[in-house]
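Reviewing the structure listed below.
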Amino acid sequence: MFKVFKYMIKKRNLPIVLLVLATGIVVAFRTLAFTEPPNKYERILHNVGSMLDYYHYSPKNIDDNFSKEVFKKYLGEVDQEKKGFLQSDIDQLSVYATTIDDEIMGRSPIKFVPAVVELSKKRLQETQDISREILSHPFDFSKDESVNLDFDKMDFPKNEADRKEELRKRLKYLTLEKYSDLLDQQEQNKKKAGFVPESKTDLEKQAREKALKTMDRYYDHLKIKANEDDMFNLFVETIVQCMDPHTDYFPPIEKRSFDEDMSGHFFGIGASLRDEDGNIKIATLLTGSPAWKSGQLNVGDIIVKVGQGPQDPVDLTGYLVEDAVKLIRGSKGTEVRLTVRKADGTTKTISLIRDEIVQDEKFAKSVIVNSEKGKIGYIYLPEFYADFDDPKGSRCSIDVAHELIKLKEQKVDGIVLDLRNNGGGSLYDVVQMVGLFIDQGPVVQVKDREGKPQILVDHDKNVLYDGPFAVMVNELSASASEIFAAAIQDYKRGVIIGSTSTYGKGTVQRNIGLDKAMGFSDANSPLGTVKLTLQKFYRINGGSTQLRGVASDIVLPDLYEHYKIREKDQPDALPWDEIPKADYSTWKYAYDVNTIRAASDDRTKNNVSFSTIEKDAVWLDKQNDKLFPLNIDKYREEQKQVRATVKQIDSLSKLSVAMNIENLPQDANRFANDKDKADRYKQWLDSKKTDIYLKEAVNVMNDMIASKSLVYNK
């Protein structure tokens, strides 16, 4: 208890202390309504409700309208493809449509989830039986009909007949895909010696058998997930997601996985896994890891069961790779037992002790691009990672600083930082990173729902790198990536290159454990953790990045521009707004962005690759908004067009002549002791050498280096 008290009296923890103390009082009073102590599910639900109600940045009223929203969204999550529940089931469950808020706030016991679990299990078995029956009969692919695969725009089936008809069409489409593949394989094998063609009847039967295997694996997985714990966890996640898309509920195992992703470290056995025909196989072994040291595991071994120490093992039938990984990982020094099936068919149980595994391939790395006008440093940062549990652990701001020092030692003429597909991460580290490129000053403004904005400032007067600088972004650059890009843009410190805008996530979350006995101070509570949206962040120019993202200075056409994947496409996203600007001075010199943009526009407009990618992206996006044919001739013609378009985009996205990219001398032996890592690094490097977007970023950097349009901002 003393440790908890010491934590709570620290000044920097005061806001969270006030939060948890107030929440604890509220929950304490509310639980008095129960004649019996609340069970685990009730404790979780009531604590979540109190947190949302009192401390979410922009909470919705937890009332009947909120209850109706949760009701609809949860049933849509449980039966995403709307092929299990009937409309009569929804009507039957509608008695809970206005009582979920009472369950959340502790005014009534939990009844909705148990009712859904019972009905879901029944419908799963029914639909699996119907699917097997449908797949026992041949399909007529000459018939002219179509299927709707946009489940969000569909209603639940009105009756048994409608459900069976919808299932028939979807199973026919699944079989049609496999039948078409078999036709292609047979066509390719025609020239092989001894080839004996099979009839279309035999191929159709094989396609149905493949479809049946796929569906059985699918239902095996759904049945595993249709347990009370997983269904309740999904219920809580649905509740918090109705507040905004970035408030999440993590059961303990999911919280551990989240922390592992953020830190780049975990405790496991050092084997990567893959799914192959429903089996979870070992894909690679990390040199020096427990799996490698044991000498008992081989690439290709099938993992059948996973046991935790002396506990009964879990059968992995129906498990996805990501779920199997969560079972295999755990705490340092603990035992995990793998039951594996070897290549010769024998089965063996292997005991391993978990140890630290470092995912250093996810960390920042840099290379040099040799261009006609100079040496360009290129830094790749896939996420803003940080090990919050270890003060000496990996942090992206420190790693990027190291990469900058190495590049400066090579006397590069300019630097490009690649934040494409970087979904964000540590807010502290993004402030530190901006400070590497600017004099001291504000980086981002943060505001909770009641207070005036707090300005996060870089206090270090030193500038680690002051040369030409560009940042690459795209639609999936989010959160911390957007803070960084916005600060660089507002200071006029560099040029932002990429899609029309970034993702548009302008909210700040904090992990808060649900254990009231610990004063909510333990972020790793056995009841789970809520990643709660407590604040919004704003650019130093006053505008929010929420919904709008950061608009690129130089726009390059890309494949995903027209897809609905940004924050603005989320129904529960918070709105855009703005606050007064912070007091800051722009960089001591700035490039004439208009001139540089004009030069880039001329190149892209006259570049067949970019213009074709833009046209193809529009065409592909439209293919998702239509019915899909179940006629073999129409299907194959459409697939031919789609494959040709995708192949064209893939080809056009790669340079015909590779760029001259070389490793830094300091990294010459980076992966010398691990062939698998070395091979993957080579693949990454080769992909950069032919990256058309990196090439244009280098062109922009060359323009910046050669530019004589520097202006001094007095």
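The values are calculated or read from the model by the stated rules, or taken from the named source; none is laboratory data. Quick caveat: nothing in here was measured; it's all calculated off a predicted structure. FYI the Cβ positions are ideal-geometry reconstructions off the backbone, even for glycines, and counts take in every protein chain you see. Please note that ligands, DNA and RNA were not included when accessible areas were found on the heavy atoms of the full protein model with its side chains. Shrake-Rupley method; radii C 1.70, N 1.55, O 1.52, S 1.80 Å.
Return yes or no: is V306 crowded, with 17+ Cβ neighbours inside 10 Å and among the hydrophobic types (A, V, I, L, M, F, W, C)? Against the criterion (crowded, with 17+ Cβ neighbours inside 10 Å and among the hydrophobic types (A, V, I, L, M, F, W, C)), V306 qualifies. One residue stands out among those in segment 192-224 that are surrounded by 15 or more Cβ atoms within 10 Å (Cβ to Cβ) and of a type in the set (V, I, T): the one that is farthest from the chain's Cα centre (by Cα), which is T214. Checked against (1) modelled with pLDDT under 95; (2) among the hydrophobic types (A, V, I, L, M, F, W, C); (3) within 27 Å of F469 (Cβ to Cβ), A598 passes all but a single condition, namely (1). Taking segment 280-299 as the range and being surrounded by fewer than 16 Cβ atoms within 10 Å (Cβ to Cβ) and free of Cβ contacts under 8 Å to residues at least 60 places away in the same chain as the test, the residues that pass are A283, G295, Q296, N298, V299. Among the charged types (D, E, K, R) and either in contact with an Asp or Glu (Cβ under 9 Å, 6 or more places away or on another chain) or assigned to a loop (DSSP other than H, G, I, E, B) (or both): which single residue out of E475, E403 fits that description? Testing whether each residue is among the charged types (D, E, K, R) and either in contact with an Asp or Glu (Cβ under 9 Å, 6 or more places away or on another chain) or assigned to a loop (DSSP other than H, G, I, E, B) (or both) leaves just E475. Of the residues making up segment 632-658, just one is in a loop (DSSP other than H, G, I, E, B), out of contact with any helix residue (DSSP H, G or I) (no Cβ under 9 Å at 6 or more places or on another chain) and either polar (S, T, N, Q) or at pLDDT below 90 (or both), namely S656. Given the condition farther than 23 Å from S552 by Cβ and open to solvent by 50 Å² or more (accessible area, probe 1.4 Å), answer yes or no: does some residue in segment 589-609 qualify? Scanning segment 589-609 turns up no residue that is farther than 23 Å from S552 by Cβ and open to solvent by 50 Å² or more (accessible area, probe 1.4 Å).
Restricting segment 567-579 to residues that are of a type outside the set (D, E) and open to solvent by less than 100 Å² (accessible area, probe 1.4 Å) leaves a set whose member that is farthest from the chain's Cα centre (by Cα) is I579. Could you check segment 63-151 for helices (runs of 4 or more DSSP H) lying wholly inside it with 1 or more residues that are surrounded by fewer than 15 Cβ atoms within 10 Å (Cβ to Cβ)? In segment 63-151, 64-78, 87-93, 112-134 are the helices (runs of 4 or more DSSP H) which contain 1 or more residues that are surrounded by fewer than 15 Cβ atoms within 10 Å (Cβ to Cβ).
Is one or more of the residues making up segment 259-269 open to solvent by less than 30 Å² (accessible area, probe 1.4 Å) and over 30 Å from T287 (Cα atoms)? The answer is no; no qualifying residue exists. Apart from one condition, D616 fits all of (1) free of Cβ contacts under 8 Å to residues at least 12 places away in the same chain; (2) crowded, with 18+ Cβ neighbours inside 10 Å; (3) acidic (D, E); the exception is (1).
Would you check if there is a residue in segment 398-417 being over 26 Å from R670 (Cα atoms), in contact with a Lys or Arg (Cβ under 8 Å, 6 or more places away or on another chain), among the β-branched types (V, I, T) and open to solvent by less than 40 Å² (accessible area, probe 1.4 Å)? No, the conditions are met nowhere in segment 398-417.
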